[in-house]
Amino acid sequence: MTDFFKGVAPVRFEGPSSTNPLAYRHYNKDELVLGKRMEDHIRPAVAYWHTFAWEGGDPFGGRTFARPWHDKGMDGARLKADIAFEFFDLLDIPFFCFHDVDVAPEGDSLAESNRNLRAITDIFARKMEKSRTRLLWGTANLFANRRYMAGAATNPDPYVFAYAAGQVRTMLEITHELGGANYVLWGGREGYETLLNTNLKQEQDQAARFLSLVVEHARKIGYKGTLLIEPKPQEPTKHQYDYDVATVYGFLKTYGLEKDVKVNIEVGHAFLAGHSFEHELAVARSLGILGSVDANRNDLQSGWDTDQFPNNPGEMALAFYQILKNGGLGNGGFNFDAKVRRQSLDPADLLHGHIGGLDTLARGLKGAAAMLEDGTYDRVIEERYAGWKEKGAAAMLSGGRTLAQIADWVDADNINPQPKSGQQEYLENLVNRFV
Ligand code: XUL
Ligand code: CO
């Protein structure tokens, strides 16, 4: 045991009336919701980068956090791994996620970086034999190093594409070896700063080729987890190709990859794209590509991706409604892609962030489950579209009628549609009964 969390007792469920700030008040992992354990619905994960790699810097000032693993190279990386697994145990969290560069320092060559990475992921493998925490997903950081400033897969320089392929090959194999349930690709630099120097078609073709290579390699090594693209419209790049769920689907369809790849939807990214989290989930659900979630929230006044912990149970209930209607997240889960603020210096702050996030998810899940159990909301939606079950209407939808036949039908039956209320206020009030 390290002394980083000295004196902190394991965080456990104590119920809504508990005043212990280091206890769960709503997240009760074994509680059955719609017949399934809460933990199995949520599948929550700690993000290694925000919780252990982030130093509290912002564009105007550097590190604010004093962590014992900083500036200590591989010794620091080993200490960080020890503390990470202590944290997972304290929270009793079933999953974690990491990028290659979060866990070990980069070397002077890809081979050296990979040696450092392997040294730490071997430690993970040993720790995972004793811990209950599993890998929700692994990913390669193809955006921080300056070699990636003009993109990784979409870089005009083919050597950068090759280097990125080298990183992904290793991280995909490590994810597979550690039993990772998913592998994520987030294209933070796949986009452009100016169209003046950009060949869009060339870059799209490169991105698709890269993704095809990843799909092929995953198959070749027998990886059965889900491959996920994480959409984001901008930041760090002015325009990113994986703008939102719909754009990603268009890209996957164009290159015939829509059966091989799903999406990892992040709350703050949805917002940056001018959508809600609920919208992105609903689109992914309707397209059959809902894979996993990065749980967080943006500060709505700041206009950028602040990666704060979720704290709005009402919004979370609408999100969970989409997820439950999707039949759950399958291999996916809720990765806390969220960080404490740069003034939140104490180890305990890391716990408070995750505890609040988990309680918010639990309340959202229970709200959505109550909506479903009540059934009124589903019935209203069902009734709104019930007209399409009528014979003539069904024939229009299934392709059984031409445009002219439909027009003739309107004349023959003197069809004269009468507008009906969309009932938005009624529905808003109805939903609020459950959250
Ligand atoms: C950045 C972001 C990433 C991805 C993984 O906004 O969300 O952390 O989740 O690369
Ligand atoms: Co993310």
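Annotations for the structure displayed:
- Residues of the range 92-104 that are away from ligand 2 (no atom under 15 Å from the Cβ) and either within 30 Å of residue 24 (Cβ to Cβ) or in contact with a Gly (Cβ under 6 Å, 6 or more places away or on another chain) (or both): 92, 93, 94, 103.
- When we screen 230, 216 for residues that are among the acidic types (Asp, Glu), buried (at least 18 other Cβ atoms within 10 Å of the Cβ) and assigned by TED's automatic domain parsing to the domain that holds residue 166, the only hit is 230.
- In the range 7-27, residue farthest from ligand 1 (Cβ to nearest atom) [restricted to those that are in contact (Cβ under 8 Å) with a residue 24 or more places away in the chain and surrounded by 19 or more Cβ atoms within 10 Å (Cβ to Cβ)]: 25
- One residue from 142, 185, 172 being within 16 Å of ligand 1 (Cβ to nearest atom), assigned by TED's automatic domain parsing to the domain that holds residue 111, over 18 Å from residue 114 (Cα atoms) and crowded, with 17+ Cβ neighbours inside 10 Å: 185
- Residue 253 being more than 13 Å from the chain's Cα centre (by Cα) and away from ligand 2 (no atom under 16 Å from the Cβ): yes
- Note on the range 247-305: among residues that are of a type in the set (Asp, Glu) and touching a Gly at 6+ places or on another chain (Cβ under 9 Å), the one that is farthest from ligand 1 (Cβ to nearest atom) is 258.
- Within the range 348-359, residues that are in the same structural domain as residue 337 (by TED's automatic domain parsing) and surrounded by 19 or more Cβ atoms within 10 Å (Cβ to Cβ) reach partners that are among the β-branched types (Val, Ile, Thr) and assigned to a helix (DSSP H, G or I) with beta carbons closer than 6 Å, at six or more positions or on different chains, in the pairs 350/51.
- Any hit, the range 211-228, residues being within 30 Å of residue 123 (Cβ to Cβ), part of a helix (DSSP H, G or I), within 16 Å of ligand 1 (Cβ to nearest atom) and among the β-branched types (Val, Ile, Thr): yes
- With respect to the conditions (1) free of Cβ contacts under 8 Å to residues at least 60 places away in the same chain; (2) more than 16 Å from ligand 2 (Cβ to nearest atom); (3) in contact with a Gly (Cβ under 8 Å, 6 or more places away or on another chain), residue 319 lacks only one, and its number is (2).
- Only residues that are away from ligand 2 (no atom under 16 Å from the Cβ), outside any helix (DSSP H, G or I) and of a type outside the set (Ser, Thr, Tyr) were counted in the range 47-86, giving 17.
The values are calculated or read from the model by the stated rules, or taken from the named source; none is laboratory data. Predicted model only: the values in this text are computed from it and were never measured. Reconstructed Cβ throughout: ideal geometry from the backbone, glycine too, with neighbour counts over all protein chains shown.
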